[in-house]
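Down below is the structure, laid out as structure tokens.
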Amino acid sequence: MPRLLIADGNDRNGRATRRDILGRTTAQSFADVVTDLAPDAECVLIEPADADAVLPAGLGLHEADGLIVTGSTLRLTEGGPAVERQLDLMRAAFAAGLPVFGSCWGIQVAAAVAGGHVGPNPRGPEYGFARRLAPTPEGAAHPLLAGRGPAWDAPAIHADSVLEPPPGSRVLASNAVLDVQAIEIRHGRGLFWGTQYHPEVDPDELAAMLRLSAQSVVEAGLATETAAVESYADEVRALADPEAQQRLAWRHGLGADLLEPARRRREIGNFLAHLSTARGSLRGERDRVAR
């Protein structure tokens, strides 16, 4: 049974806000997706932003099969202890040779640790959906994007992004807004696969994220008032309703890559498949180094 650490990127306030709106934290939502894709997986939720955060007794990084780092309302550009603790966790994961997957915040943390540059995207933010994503020549044959076609859309909520990839990394996907939408990073003994977009996010969660970001959406010039963002979020949430889905999909130009959970979550499924294939040898190697 694979053991996965799922690191919630939010601090206590961020987790509390998510719990109030959705009834679950970001890490809990991600764990639900993982167990849906891999029912035998053991998901251990951790909160590395907190000063008192510790790994569960008897479960060190070298004893886990993988680490997933979720999105966050924190920003690397603002710094602070909650950010530094998560950078430290990523450094430790790379040093331990632990396979890592991360979306949004996760890709930014991994890139920063490995020597990349993260900051506000000069081409603007993405709020709602990342459109017309396409694999790079390297990404077209990469296992993270196995099953993806020549173009797809995905849930996305971000203002910051990876502006300069780390040395030696492989950029796997991009679009007109951002050059680094998916990446492979090898750093130290570790391996990171990640996306700037959110393959784990379902319509209800995306709608909640839009509401939390409403003022930022207005400030970015994408809406004239927060009421317009609220209305848009209502329609995103309604995508989960089979009776409304076809009408709303036509209105917003959405296809099966977004509407079908298995296709929307493809990168996570590919990461889990990679762990299933590699975890025996990887764990043995980490145990040998740890001794």
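Laboratory data are not the source of any read-out in this text; all were calculated from the coordinates shown. Bear in mind the structure is a predicted one, so any value in this text is a computation, not a measurement. Here the Cβ positions follow ideal geometry from the backbone for every residue, glycine too, while neighbour counts run over all protein chains shown.
General remarks:
- MRE, 222 nm, helices only [DSSP H, n ≥ 4, -39500 (n - 2.57), over the chain, to nearest 500]: -12500 deg cm²/dmol
- Considering only 44, 147, 83, the residue lying farthest towards the positive end of the dipole of the chain is 147, judged by Cα position with unit charges set on Cβ.
- This ranking places 174, 216 by how few other beta-carbon atoms lie within 10 Å of each, fewest first, which gives 216, 174.
- Given their separation in residues at 0.36 nm each and the Cα-Cα distance between them, residue 235 and residue 220 gain 3.4 nm when the chain is fully extended.
- Count Lys and Arg as plus one, Asp and Glu as minus one, and take only other residues whose Cβ is under 11 Å from that of residue 81; the net charge is then -3.
- Between the helical axis of 226-238 and the longest alpha-carbon principal axis of the chain there is an angle of about 70 degrees.
- A P(r) calculated from all alpha carbon pairs of the stretch 172-249, with 5 Å bins opening at zero, reads 3, 14, 15, 16, 19, 15, 9, 5, 3, 1 percent.
- In a reduced charge model with +1 at each Lys and Arg Cβ and -1 at each Asp and Glu Cβ, the chain shows a dipole moment near 760 debye about its Cα centre.
- Helix 12-22 axis, angle to the chain major axis (alpha carbon atoms, nearest 10°): 50
- Reported value for the stretch 204-252: 62 Å³ per residue, from the convex hull of its C-alpha atoms.
- Kirkwood-Stokes translational diffusion coefficient of the chain, alpha-carbon pairs, 10 °C, 1.306 mPa s, µm²/s: 83
- Here the stretch 43-64 is scanned for amide nitrogen atoms under 13 Å from the site 7 Å beyond the Cα of residue 95 along Cα-to-Cβ, giving 61-62.
- Counting beta carbons within 10 Å around each of 98, 87 and listing the fewest first gives the order 87, 98.
- For 73, 35, 195, 224, order by how many other beta-carbon atoms lie within 10 Å, fewest first: 224, 35, 73, 195
- One chain, two ends: residue 212 and residue 17. Fully extended at 0.36 nm per residue, the span grows by 69.3 nm beyond their Cα-Cα distance.
- Shape of the stretch 145-291, Cα gyration tensor, a/c cut at 1.5: prolate
- Inter-probe distance in nm under a simple model that places probes 7 Å from Cα toward Cβ, at residue 44 and residue 85: 1.7
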